[in-house]
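The values are calculated or read from the model by the stated rules, or taken from the named source; none is laboratory data. In this text, all values refer to a predicted model and were calculated from it rather than measured experimentally. Methodologically, a virtual Cβ is constructed for each residue, glycine included, from the backbone with ideal geometry; neighbour enumeration extends over all protein chains shown.
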């Protein structure tokens, strides 16, 4: 367990004492307030459980950057975090430890399902948030980014930039967030270049640079000239750079790993969400809910890479403007990989439907 | 087709080098009768050290040297426990793995996920580079490929099977009591070759983080150390076989990815299993079909047994 800044073991123990003290006070819920009593900034302790190391350069780093910005808004706030929380009963132990140390709010930056819900159920006075979660109880909410809009915009650029009309996707596991990401990119590409197809290779890991390198090389050898994916590391961008291809990334700006290949990235910014949630908890207004961080508010395409021609960037950004104005590109007819119409003409796939996407669109191979 | 084959072999050579180098080190350690299960941890330690030194000096060769030095230091600790103190090799190896994984995550925290300053970049060797398929794969990549696949195995093979020193070395692994009786310094031999093997494991980590990926991140070795240990068995404890086994394993895993990219009508999970199915097949089939293999491919007789002179 590590503290941000100068948090030492002594502070931590003091925090435990303070937490127990707080727990003994009777809850004073004023009318119109939730049962999460208001807190002074200096007595609040917020705990974060991360799925990877905060230096992974991807998903967890993106969360850590958001937390750092949040801490600048609440400088007296104390935070603690644990890295690389496994998806196992150990997660339960770690979340329970957070509660025992007096955390009034626990935020898991990935999906921990029952492992977090069990702890939340036994600590009704603690606010819980789970990224990529699905369930909402009295004190457990979830949040997620609607990354599919950013992927769609990048897909438009991909469709205009590919010469072979074959996009390669370095996938991880066939789970809905990956399926939505790949589908959205391909739909974006097909909207400007209907001949586009996409090959997916699943490497069975969120983080395995060597496997991602091999997968990217195999995609390049098979004629894909535009690589995208959802891994936490920049491995396939390096392959693209070495072989003169284009690549779109995830999580953060990664152009320094392949300046001549970097097109854009699905960039994440959790700072506003964390600031808002912590403020709500401190003022006693926090309520458990499911929250989608929308395009421009937590997720967006990154500033276009130097390799993207201005007219292509402009066309992709025109699509972005239409999405920001409220238009959705996920409108039927959308066919699945076998050609069957899954979303009828005129019908719209809303965010909930995309969040649970479990089939591949036409032109996709290797995804599910 | 030529493009596909070239790409396939290039990926296999690049990725297989990690396993070939680590397996070479394990061959040496096991030939003197010591199973070093710490390879995974030593590789992680080497990978992190290499990146740290590379960032400071902007020289991948110094990174490689430092990784080998740290590998030997880890190997010396392991040898102290297993060869001198005669502790269980299995337990100490596992401890070494966990120690290496944890320590590497700690020391590498500051450089995790960052692009390395200097890498073992591809260098085209004139003339040889122009041989179709094989040229780009072996002579168009980084300068470590030839040492890993040809020079190092050649030196080890010659040393093991064509010198008196090699004969003594193998005697230590087969029957340390007999070796001791004829005056071979068993403890010295074991200590030395465990340390050299560990240095090569550290070097394999450096190759992974400076030539293949190239960058350091926690968890990047992801089980390749264990595969290297398994490959030694498959290679029958022979240097050239170990290098070949690394290449073959790289090839099989590269075929799995190519199959997915080419949309072969085989489920992706099955293609991902290929390397492991392959390992099973390679080990079982020859032994079942060809009785003589059992003796040829047998492990050093004293493998895993601590040598105690007083129990001779």
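Can you name the helices (runs of 4 or more DSSP H) wholly within segment A:199-313 that have at least 1 residues being more than 14 Å from chain B (Cβ to nearest Cβ), buried (at least 22 other Cβ atoms within 10 Å of the Cβ) and out of contact with any strand residue (DSSP E or B) (no Cβ under 7 Å at 6 or more places or on another chain)?
A:271-283
Output yes when any residue across segment A:69-76 is without any contact (Cβ under 8 Å) to a residue 40 or more places away in the chain, away from chain B (no Cβ under 14 Å), more than 17 Å from the chain's Cα centre (by Cα) and within 24 Å of residue A:253 (Cα to Cα), and no when none is.
yes
Could you pull out the residue among B:48, B:81 that is within 14 Å of another protein chain (Cβ to nearest Cβ) and either under 21 Å from the mean Cα position of the chain (by Cα) or part of a helix (DSSP H, G or I) (or both)?
Just one listed residue meets the conditions, B:48.
Would you check if residue B:33 is in contact (Cβ under 8 Å) with a residue 60 or more places away in the chain and either touching a strand residue (DSSP E or B) at 6+ places or on another chain (Cβ under 7 Å) or under 22 Å from residue A:210 (Cβ atoms) (or both)?
Here the answer is no, as residue B:33 does not meet what is asked.
Any residue at all in segment A:94-102 that's surrounded by 14 or more Cβ atoms within 10 Å (Cβ to Cβ), part of a helix (DSSP H, G or I), touching a helix residue (DSSP H, G or I) at 6+ places or on another chain (Cβ under 6 Å) and modelled with pLDDT of 95 or more?
For segment A:94-102, residues surrounded by 14 or more Cβ atoms within 10 Å (Cβ to Cβ), part of a helix (DSSP H, G or I), touching a helix residue (DSSP H, G or I) at 6+ places or on another chain (Cβ under 6 Å) and modelled with pLDDT of 95 or more: present.
Here is a yes/no grid of residues against (1) within 12 Å of chain A (Cβ to nearest Cβ); (2) under 27 Å from residue A:207 (Cα atoms); (3) surrounded by fewer than 16 Cβ atoms within 10 Å (Cβ to Cβ):
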position: B:112; (1), (2), (3): yes, yes, no
position: B:124; (1), (2), (3): no, no, yes
position: B:130; (1), (2), (3): no, no, yes
position: B:135; (1), (2), (3): no, no, no
position: B:148; (1), (2), (3): no, yes, no
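Report the residue count in segment A:109-130 for those that are within 22 Å of residue A:299 (Cα to Cα) and without any contact (Cβ under 8 Å) to a residue 60 or more places away in the chain.
The qualifying residues number 2.
Quick check on my filter: what residues within segment B:99-108 are in contact (Cβ under 8 Å) with a residue 12 or more places away in the chain and either facing chain A (nearest Cβ under 8 Å) or under 16 Å from residue B:74 (Cα atoms) (or both)?
If the condition is that a residue be in contact (Cβ under 8 Å) with a residue 12 or more places away in the chain and either facing chain A (nearest Cβ under 8 Å) or under 16 Å from residue B:74 (Cα atoms) (or both), then B:99, B:100, B:101, B:103, B:104, B:105, B:107 are the ones that fit.
Which count do you get for residues in segment B:256-271 that are surrounded by fewer than 20 Cβ atoms within 10 Å (Cβ to Cβ) and either part of a loop (DSSP other than H, G, I, E, B) or at the interface with chain A (Cβ under 9 Å from one of its Cβ atoms) (or both)?
Count: 7.
Would you mention how many residues in segment A:155-177 are modelled with pLDDT of 95 or more and either part of a helix (DSSP H, G or I) or away from chain B (no Cβ under 13 Å) (or both)?
10
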